[in-house]
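Each reported figure results from applying straightforward, stated rules to the coordinates on display, with no laboratory input. These figures come from a predicted structure and were not determined experimentally. Here the Cβ positions follow ideal geometry from the backbone for every residue, glycine too, while neighbour counts run over all protein chains shown.
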């Protein structure tokens, strides 16, 4: 698979996720306990902050403030990279969110490229990528 085709599949996958996000924001009841960034940030920019729910909120907190109680079991590479890149971009709360999403998506693409190179070693498994990207829980990689 060429990198161009991989990138096109990735863009199509992200567009599909945004379509689901659009419908979810307008139809699914808002759960206050799972809002990354807080209610005011979420209501102001729901298309950004909806990607930072659950563990994303903890990783952004670690990147901003370091390890606090109940965050010691998260691995340090991602928050350190987000903190480093956010210092270059600007240390606002939205800056941490955007940098975190950027790092996550670039890491995902690098992982998929590595997976495809591994699959090329085993030609019979080439459909593994397509079956995984179409699986409903594959959005967890983003």
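Worth a mention:
- Which of 27, 86 has the fewest Cβ neighbours within 10 Å, and the rest in rising order: 27, 86
- Look at 28, 82, 89, 103 and count the other Cβ atoms within 10 Å of each Cβ; fewest to most, that gives 28, 89, 103, 82.
- Residue order, fewest to most surrounding Cβ atoms within 10 angstrom, among 32, 16: 32, 16
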